[in-house]
Amino acid sequence: MAEHDLETPAQIETPSDDSAPSDDSAPRAGFAALVGRPNVGKSTLLNALLGQKVAIVSHRPQTTRNRILGVRTEKGKQVVLIDTPGIHRRRDNLNPFLVREAFEALEGQDVIVLCTEVDPKRMTAPRGNEQPRVEISQQDEYVLEQVRERSGSTPIILVINKIDLLGDLSLLLPLIDWWAARGFEHIVPISARETDGVEAVFEEMAALMPKSALLYPEEMLTDRAERFLVGELIREQVFVQCREEIPYATAVEVERFEERRERGDVQIDAVIFVERGSQKGIVVGAGGSRIKAIGSSARVEIAKLLGCPAHVRLTVRVSADWTRKLAERRRFGYE
Ligand code: GDP
């Protein structure tokens, strides 16, 4: 790109607009909330955005399970990413909280990244002279309304994920038109899984951030809320290994986090709380097989996070119907 000559009259007359990428070299920094329905690929996008340059920090250690902050700094531009719970329509005991959290996360952000996905079943390739057609799901319309209502003047970047599922990329055009007709100016089609278009999402976010000095040190790797992150890694493995069977009824408490200098390792004792005996059975598995698998996968992830070997001792406990009890929800950081 050509260098701007600040002395030229044209440049001086240009109205100042914070969102205009005309002043590429100005430092910018701010917060971005990543929102969207479950399963559209928010976590995958977050990981792809942060990649190796991750500076994972927890927003409020031990208080929420879904707001993990990642910081990415590139050439004086810093984006602080907040992962929010999916915006659900379903209601169960925890969901009103999750929904509230997701929407609260929209307030005070500098940019909202609204993640959607392509649905090849709702897209029809052009036949003869016909134009390609798309249908938008009711859920996407719902999310759109909710985000719109709460976003105020905060710019929204609309991400259309999973474009790798499309055989024919021209099908994207009517989809982009649909969103553009609803006022979206920043639309970025991507494949988070294949990290295709992910850099464009970062560039777009960075350009929309307010002019500001960096909010976090450029080289920061963690805010040392490692205990919280360790709990998250264990909880993640419960989800991975149990999938649908244990939906929202899991909380993890790290009871011991001991750095053993002389051995150069870490000992972690954690309790996985479920709501019912039957769930405990699922998490433990036949002859303890599942809890063992959860422990060993978590150990690998924790060792990566901490950069040293980790020993993980897990216990499963029932806290009857904890999701319905205010005090218990508070204890696990849901209120
Ligand atoms: P979240 O619930 O919005 O955080 O979604 P996840 O990031 O957990 O992704 C949900 C599912 O979609 C996972 O099975 C991902 O592997 C898958 N997924 C995410 N991004 C892509 C993508 O770009 N292409 C395809 N085909 N699948 C994806």
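Here are a few things to note about the model shown:
- Within region 151-169, considering residues that are in a loop (DSSP other than H, G, I, E, B) and of a type outside the set (Val, Ile, Thr), the one nearest to Met209 (Cα to Cα): Pro155
- Among the residues of region 182-207, those identified as of a type in the set (A, V, I, L, M, F, W, C) and farther than 15 Å from Thr116 by Cβ are Val198, Ala200, Phe202, Met205, Ala206, Ala207.
- Per the conditions (1) surrounded by 20 or more Cβ atoms within 10 Å (Cβ to Cβ); (2) at pLDDT 85 or above; (3) in contact with an Asp or Glu (Cβ under 9 Å, 6 or more places away or on another chain), the sole criterion not satisfied by Lys42 is (2).
- Matching option when the condition is more than 15 Å from the ligand (Cβ to nearest atom) and either in a helix (DSSP H, G or I) or in contact (Cβ under 8 Å) with a residue 60 or more places away in the chain (or both), among Arg127, Arg148: Arg148
- Residues satisfying the stated conditions in region 151-169, i.e. closer than 19 Å to Val35 by Cα, over 17 Å from the mean Cα position of the chain (by Cα) and within 14 Å of the ligand (Cβ to nearest atom): Ile163
- Subset of region 94-118 [in contact with an Asp or Glu (Cβ under 8 Å, 6 or more places away or on another chain) and at pLDDT 75 or above]: Thr116
- Residue check for Leu172: in a loop (DSSP other than H, G, I, E, B) and either on the phi < 0 side of the Ramachandran plot or within 13 Å of the ligand (Cβ to nearest atom) (or both): no
The values are calculated or read from the model by the stated rules, or taken from the named source; none is laboratory data. Just so it is clear, the model here is predicted, and its values are computed rather than measured. Positions of Cβ are generated from backbone atoms using ideal geometry, with glycine treated the same way; all protein chains shown enter the neighbour counts.
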